[in-house]
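The values are calculated or read from the model by the stated rules, or taken from the named source; none is laboratory data. Since we're looking at a predicted model, the values are computed, not measured. Here the Cβ is made from the backbone with ideal geometry for all residues, glycine too, and neighbour counts use every protein chain on show.
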Amino acid sequence: MNAPDIESVRRLGFAAVLALVVALPCFGQSVADAEKELARIEDEYRTARLRGDVGFLERLYAPELHITGTNGSIIERNADIAGFASGAIKPESIDRSEMRTSIYGDAAVVIGRDDLKGRYNGVIGGGAVRFTHVYVRRNGQWQLVASQGTWIQQK
C-alpha cells in the first residue's frame, strides 16, 4: 500500500477545515443554553401578558402564529395582540409551573402549567391551564409559532 502524497494530505486537511467552517453555524447554541434562553423567554412572556406589553408580543409572535384556545377556537396573532392592547385580555396573575422544554435544532416545544386569574373579554375567572408552546429560531431569535391551552379539570 502506498503512502499518500503530501498534496493529497493537504487537500484532505483543507476539505476537513472547510466542512467544519460550513457546519459551525449548525452548532451555534448548546441544548442547555437553548433551554435556559427559552425559560427566560417564557418568563418574559408571562410578564408581558401581565403588563399588556404589546411590543414584546409583536416581537415574540411569529407572523404565522395560531393559538388554539382552551375552548378549541383558533385565535390569530393580530387578534390576540389586539385583545391585550384594548384590555379585553387582562390577566391579574399567572403562576407558572411544571415546565419542560425539548429542543429539536432550530425548533423547540415548551409545555407547562399556568394557574390564571383575570379577565378575558369581560369575563372574570381563572383556573389551571396546561399549555404547549412551539418555537422556531430564526436569525438567532426564538419566535412563538403555535400555542395551545387546555383547562385542567378539577378532580
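General observations
- Any chance residue 81 is in a strand (DSSP E or B), surrounded by 13 or more Cβ atoms within 10 Å (Cβ to Cβ), in contact with a helix residue (DSSP H, G or I) (Cβ under 6 Å, 6 or more places away or on another chain) and at pLDDT 95 or above: no
- Residue satisfying all of: in the stretch 30-56; touching a residue at least 40 places away in the same chain (Cβ under 8 Å) and basic (Lys, Arg); nearest to residue 133 (Cα to Cα) among these: 46
- Some residue of the stretch 90-106 being touching a strand residue (DSSP E or B) at 6+ places or on another chain (Cβ under 6 Å), closer than 12 Å to residue 142 by Cβ and assigned to a strand (DSSP E or B): yes
- None of 113, 137, 119 is crowded, with 18+ Cβ neighbours inside 10 Å and either of a type in the set (Asp, Glu) or assigned to a strand (DSSP E or B) (or both) except 137.
- Considering (1) in contact (Cβ under 8 Å) with a residue 24 or more places away in the chain; (2) under 18 Å from the mean Cα position of the chain (by Cα), the lone condition that residue 84 does not fulfil carries the number (2).
- Residue selected from the stretch 57-80 under the condition small (Gly, Ala, Ser) and in contact (Cβ under 8 Å) with a residue 60 or more places away in the chain, by the criterion nearest to residue 129 (Cα to Cα): 69
- Condition broken by residue 153, with the remaining ones in (1) free of Cβ contacts under 8 Å to residues at least 24 places away in the same chain; (2) surrounded by 14 or more Cβ atoms within 10 Å (Cβ to Cβ) satisfied: (2)
- A count restricted to the stretch 107-141 and to residues that are among the aromatic types (Phe, Trp, Tyr) and at pLDDT below 95 stands at 1.
- Test: residue in the stretch 129-142 that is in contact (Cβ under 8 Å) with a residue 12 or more places away in the chain, farther than 12 Å from residue 61 by Cβ, hydrophobic (A, V, I, L, M, F, W, C) and in contact with a Phe, Trp or Tyr (Cβ under 7 Å, 6 or more places away or on another chain): yes
- Within the stretch 112-148, the set of residues being aromatic (Phe, Trp, Tyr) and under 10 Å from the mean Cα position of the chain (by Cα) comprises 135, 142.
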